[in-house]
1. Select, from 116, 91, the only residue that is modelled with pLDDT of 95 or more, under 21 Å from residue 43 (Cα atoms), in contact with a helix residue (DSSP H, G or I) (Cβ under 8 Å, 6 or more places away or on another chain) and surrounded by fewer than 19 Cβ atoms within 10 Å (Cβ to Cβ).
2. Restricting attention to segment 162-200, which residues are in contact with a strand residue (DSSP E or B) (Cβ under 8 Å, 6 or more places away or on another chain) and at positive phi?
3. Just the residues that are crowded, with 24+ Cβ neighbours inside 10 Å and more than 8 Å from the ligand (Cβ to nearest atom), please, taken from segment 96-106.
4. Restricting to segment 139-153, and then to whatever is more than 10 Å from the ligand (Cβ to nearest atom) and surrounded by fewer than 20 Cβ atoms within 10 Å (Cβ to Cβ), can you tell me which residue is farthest from residue 50 (Cα to Cα)?
Ligand SMILES: C[S@@+](CC[C@H](N)C(=O)[O-])C[C@H]1O[C@@H](n2cnc3c(N)ncnc32)[C@H](O)[C@@H]1O
């Protein structure tokens with residue numbers, strides 16, 4: 001099990017892994033594989049089920065995130081990627097925003113097992129609605145396939161991201177404009193972020209794993 005340059009992420013053969021916390025030993029979140037190594041447990045991180053894993057498989061090397069980071073996660077769904085981020089920030093907290101009661105029901109089960117995920121049923125279009133529960137954070141992750149996904153990201157960065165901190169948006173081109181080529185849509189999103197004084201750090205095309213998606217890493 002070899003640590004990668006990204007904090008808390010490991011490689012074994014052609015798969016990547018995060019470390020399952022001691023108190024979750026033996027517990028799977030989806031259909032991942034658990035491997036025991038040096039008295040620790042590692043969960044495989046499937047690039048076809050998590051866009052962050054796909055981005056790492058496609059060359060994303062570094063994110064400014066550590067075991068102490070607090071993360072705001074927009075579009076948590078049932079918690080597949082949330083769970084791996086929670087492994088990485090094992091001394092921090094993942095604030096998981098999700099608007100679907102159906103997805104949240106499964107997410108709550110995960111939160112009962114893991115002590116560093118706070119589930120919040122809310123609409124990321126209204127960041128002011130969760131300001132009682134969410135502090136300023138070290139990292140923002142967004143995976144919301146809505147037409148105004150860039151606006152949602154910008155508004156949450158403004159409200160919750162600490163200065164000189166990073167975030168990542170998983171852009172689904174077809175949710176923004178089906179009539180344009182994905183690259184044109186990514187460029188539109190990049191222009192809008194830059195217009196809002198948000199720096200672009202990296203752009204990773206996720207094709208092969210997620211059609212017409214790109215991961216855009218930013219800094220505030
Ligand atoms: C593509 S899924 C996220 C998958 C998840 N990030 C993962 O990797 O495990 C998108 C999720 O965003 C949620 N969503 C869509 N619009 C939202 C909004 N305005 N606020 C909060 N959640 C939203 C959807 O209900 C859905 O569960």
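The values are calculated or read from the model by the stated rules, or taken from the named source; none is laboratory data. Here the structure is a predicted model, which is why all the values come from computation and not from measurement. Backbone-built Cβ (ideal geometry, glycine too); neighbour counts: all protein chains shown.
1. On the way: 91 fails: in contact with a helix residue (DSSP H, G or I) (Cβ under 8 Å, 6 or more places away or on another chain).
Going through 116, 91 in turn, just one is modelled with pLDDT of 95 or more, under 21 Å from residue 43 (Cα atoms), in contact with a helix residue (DSSP H, G or I) (Cβ under 8 Å, 6 or more places away or on another chain) and surrounded by fewer than 19 Cβ atoms within 10 Å (Cβ to Cβ): 116.
2. To start, the set of residues in segment 162-200 that are in contact with a strand residue (DSSP E or B) (Cβ under 8 Å, 6 or more places away or on another chain) comprises 162, 164-173, 182, 185-186, 189-190, 193-194, 198-200.
Result: 164, single match.
3. Applying the first criterion (crowded, with 24+ Cβ neighbours inside 10 Å) to segment 96-106 yields 96-98.
Answer for segment 96-106, where residues must be crowded, with 24+ Cβ neighbours inside 10 Å and more than 8 Å from the ligand (Cβ to nearest atom): just 96.
4. First, the residues of segment 139-153 that are more than 10 Å from the ligand (Cβ to nearest atom): 139-140, 147, 150-151, 153.
Within this subset, residues satisfying the condition of being surrounded by fewer than 20 Cβ atoms within 10 Å (Cβ to Cβ) are 147, 151.
Working: 147: 21, 151: 22 Å.
My answer is 151.
Here is a yes/no grid of residues against (1) without any contact (Cβ under 8 Å) to a residue 24 or more places away in the chain; (2) farther than 16 Å from residue 166 by Cβ; (3) in contact with a strand residue (DSSP E or B) (Cβ under 8 Å, 6 or more places away or on another chain); (4) surrounded by 20 or more Cβ atoms within 10 Å (Cβ to Cβ):
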residue	(1), (2), (3), (4)
31	yes, yes, no, no
37	no, yes, yes, no
55	no, no, yes, yes
58	no, yes, yes, no
62	no, no, no, no
72	no, no, yes, yes
